[in-house]
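Input: a single structure, listed below in structure tokens.
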Amino acid sequence: MSSNYHVALVVPVFNEEETVELFVTTIKEKLASILDHLEIVFVDDGSKDKTAALIDSLIKSEEGTVKISLIGLSRNFGKEAAMSAAIDLIEADAIVPMDVDLQDPPELILEFIKVWQEQKVDTVYGVRVDRSTDTGVKRVTSGGFYRVFNRLSSKVKIPENAGDFRLIDKKVIATVRALPESNRFMKGLFAWPGFTSKGVAYKRPERSAGKTKWNYWKLWNFALDGIISFSSLPLRVWSYIGGAIGFIAFLYMLYIILDTLITGVDAPGYASLMCVVLFLGAVQLISIGVLGEYLGRMSEEVKHRPVYVVSKIKGNLSTNLQGGINKTTNGLYVNERQD
Ligand code: UDP
Ligand code: MG
């Protein structure tokens, strides 16, 4: 292993007072051999509990053992935005986004670093081989998501069962930073630059404490965000569906005309008429709905609002930001720097 490298662990936290301390203790214990090369960067995603205060005291109490810093956002922007903030602000040879609840086993980072250095790959991602800690429904829906995503997205493929837990080299990070969209579906954006990558298998454990912030409605919208920002097929498919229905309708029309000419007018036909009207009505509403999904997201992009607002930075994060108002690559940093 090269002796001179610097890896930043990016840890978004939202109301995680129950888990932050255990996270730091576990990192110190499991990664003791490489602690000098590490930095923990928490991104407080607008927590309402004692999370920020706890991290603050950890920064002080851990001085000399492990480098910890805190990027505080001005409100809850969501995990993707929190990760974007860290990616924009951190200078490191590689970063590892990970959850604070220890569902991403820290000891795997040793393996990540080994593969990154010895095999010279730019992204080393964790692949969940055994998802027995997830519910059956979660496994089926997430499996379905990866299949649908990779079918619809023609160029960018995301590895199945890989979360955000991965080691990403600085050149991939620099590319991700440069992507201009406000919808930061990180799994897709991390895959977009390409370069070389390799998967490392692991078993995903249960949450160390606290509760998951996800529910199925959020996951559904997250999946739509991902698919819509990487594929326009759902938008374009309607002309083909319309064409196919139109062709069938034309044949049916010929049949009705001939039938009327030969056997004369026969008035009943309520049932078939109703079926056609209802079916076409549904098809039209669905297609308008799909338009709406794209249009809504396009209007978000057009507004071009900052992806996040950083309101404080604590600890010894090396950035070149001054006090006052700074524009970062994808967001804003508004505050005096307070160390
Ligand atoms: N998280 C965040 N902002 C949010 C929701 C979650 O920063 O709006 C963080 C959370 O604190 C945790 C990570 O994202 O560190 C993963 O969240 P969670 O464990 O709830 O998700 P799951 O593992 O169930 O997918
Ligand atoms: Mg979790």
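Structure data summary
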{"quantity": "Which numbered condition R177 misses (of (1) of a type in the set (K, R); (2) touching a strand residue (DSSP E or B) at 6+ places or on another chain (Cβ under 6 Å); (3) in a helix (DSSP H, G or I))", "calculated": "(2)"}
{"quantity": "G226, sole failed condition from (1) of a type outside the set (S, T, N, Q); (2) at pLDDT 90 or above; (3) farther than 19 Å from G163 by Cα", "calculated": "(3)"}
{"quantity": "Failed criterion for F230 (all others in (1) loosely packed, with under 13 Cβ neighbours inside 10 Å; (2) within 27 Å of T329 (Cβ to Cβ) hold)", "calculated": "(1)"}
{"quantity": "Scan of region 55-68 for residues that are under 26 Å from the mean Cα position of the chain (by Cα) and either assigned to a helix (DSSP H, G or I) or over 22 Å from Y333 (Cα atoms) (or both), ordered by number", "calculated": "I55"}
{"quantity": "When residues of region 290-320 are limited to those that are part of a loop (DSSP other than H, G, I, E, B), surrounded by fewer than 16 Cβ atoms within 10 Å (Cβ to Cβ) and modelled with pLDDT under 90, the one nearest to the chain's Cα centre (by Cα)", "calculated": "H304"}
{"quantity": "Residue list for region 63-83, filter: among the small types (G, A, S), closer than 24 Å to H37 by Cβ and either crowded, with 23+ Cβ neighbours inside 10 Å or near ligand 1 (Cβ under 9 Å from one of its atoms) (or both)", "calculated": "S69, A82"}
{"quantity": "Of residues in region 135-166 being among the hydrophobic types (A, V, I, L, M, F, W, C), within 15 Å of the chain's Cα centre (by Cα) and over 23 Å from E293 (Cα atoms), the one modelled with the lowest pLDDT", "calculated": "A162"}
{"quantity": "Yes/no for D36 being without any contact (Cβ under 8 Å) to a residue 12 or more places away in the chain, part of a helix (DSSP H, G or I), of a type outside the set (S, T, Y) and more than 16 Å from ligand 1 (Cβ to nearest atom)", "calculated": "yes"}
{"quantity": "Yes/no for A94 being in contact (Cβ under 8 Å) with a residue 12 or more places away in the chain, of a type in the set (G, A, S), within 16 Å of ligand 1 (Cβ to nearest atom) and at negative phi", "calculated": "no"}
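Rundown of residues vs (1) in contact with a strand residue (DSSP E or B) (Cβ under 9 Å, 6 or more places away or on another chain); (2) assigned to a strand (DSSP E or B); (3) on the phi < 0 side of the Ramachandran plot, yes/no style:
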| site | (1), (2), (3) |
| --- | --- |
| I71 | yes, yes, yes |
| P106 | yes, no, yes |
| Y125 | yes, yes, yes |
| S132 | yes, no, yes |
| N150 | no, no, yes |
| P159 | yes, no, yes |
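The values are calculated or read from the model by the stated rules, or taken from the named source; none is laboratory data. The structure presented is a predicted model; accordingly, all values stated were derived computationally and were not measured. Cβ: placed from backbone, ideal geometry, glycine included. Neighbour counts: every protein chain shown.
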